[in-house]
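To start, the structure under review is shown below, and the notes come after it.
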Amino acid sequence: MNGWNYKHLPRMLRFFYEDIGLDDVRANFIRAEGYAEEDPELTPRYTDVVPVLMKAILLNELHFKKSFTFGGFPLCVLPTELLANKRLCKKVLGEYWDLDTDCSIRAEGPGAEYGIAKVDEGRARFNWQDRKRFDLKHHMDKCRTCRFTDICEGVWKNYLGFHGESEFSPLP
């Protein structure tokens with residue numbers, strides 16, 4: 001989801017489920033890279049996106065009844081009602097469904113040195129979940145007291161450059 005399309009998420013679900021016939025949709029929050037790295041308009045605030053996301057979750061639960069998951073959101077920006085509903089969390093939080101993924105890329109080029117576990121025959125190996133959590137995302141100092149600090153991946157580092165830390169609070 002990005003600043004140009006997040007408002008249309010409920011209509012996009014209708015399109016994917018009814019017009020195209022998909023049974024499974026995943027919506028990830030944008031990681032500002034490339035063109036988006038220079039354009040803050042493409043990276044909306046979590047507080048603007050979450051109400052639309054909740055509308056999409058409810059629409060799917062009550063109407064479409066298909067598989068809908070989302071990812072890339074720090075847990076503290078989600079409604080406490082969602083976090084308290086373990087059944088729904090396990091159903092819609094994409095991080096519950098994400099498989100532990102080892103990746104392989106060329107071992108040369110810009111950025112290749114970050115998060116690499118080993119290099120074998122010119123290929124750099126790394127675990128995507130670890131790379132995301134420890135290299136691409138950030139846990140702020142206030143996250144230390146959050147009850148979800150061990151399972152929350154944190155906030156995309158480049159998001160903080162656009163919007164700062166004001167939206168985030170540790171959950172008791």
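The values are calculated or read from the model by the stated rules, or taken from the named source; none is laboratory data. Being a predicted model, the structure only gives us computed values, none of them experimental. All Cβ positions, glycine included, derive from the backbone under ideal geometry; neighbour counts span all protein chains shown.
Residues in region 140-154 that are surrounded by 14 or more Cβ atoms within 10 Å (Cβ to Cβ), at pLDDT below 95 and either within 17 Å of Thr47 (Cβ to Cβ) or not aromatic (Phe, Trp, Tyr) (or both): 4 in all. In region 1-25, the residues that are free of Cβ contacts under 8 Å to residues at least 24 places away in the same chain form Cβ pairs under 6 Å with partners that are in a strand (DSSP E or B), at six or more places apart or across chains, as follows: Phe16/Val25.
The single condition among (1) surrounded by 15 or more Cβ atoms within 10 Å (Cβ to Cβ); (2) in a helix (DSSP H, G or I) that Lys90 does not meet is (1). Checking each residue of region 48-66 against the condition of being under 21 Å from Glu165 (Cβ atoms), at pLDDT 95 or above and exposed (fewer than 15 other Cβ atoms within 10 Å of the Cβ) gives at least one match. Scanning region 133-172 for residues that are among the basic types (Lys, Arg) and touching a residue at least 24 places away in the same chain (Cβ under 8 Å) yields Lys142, Arg144, Arg147.
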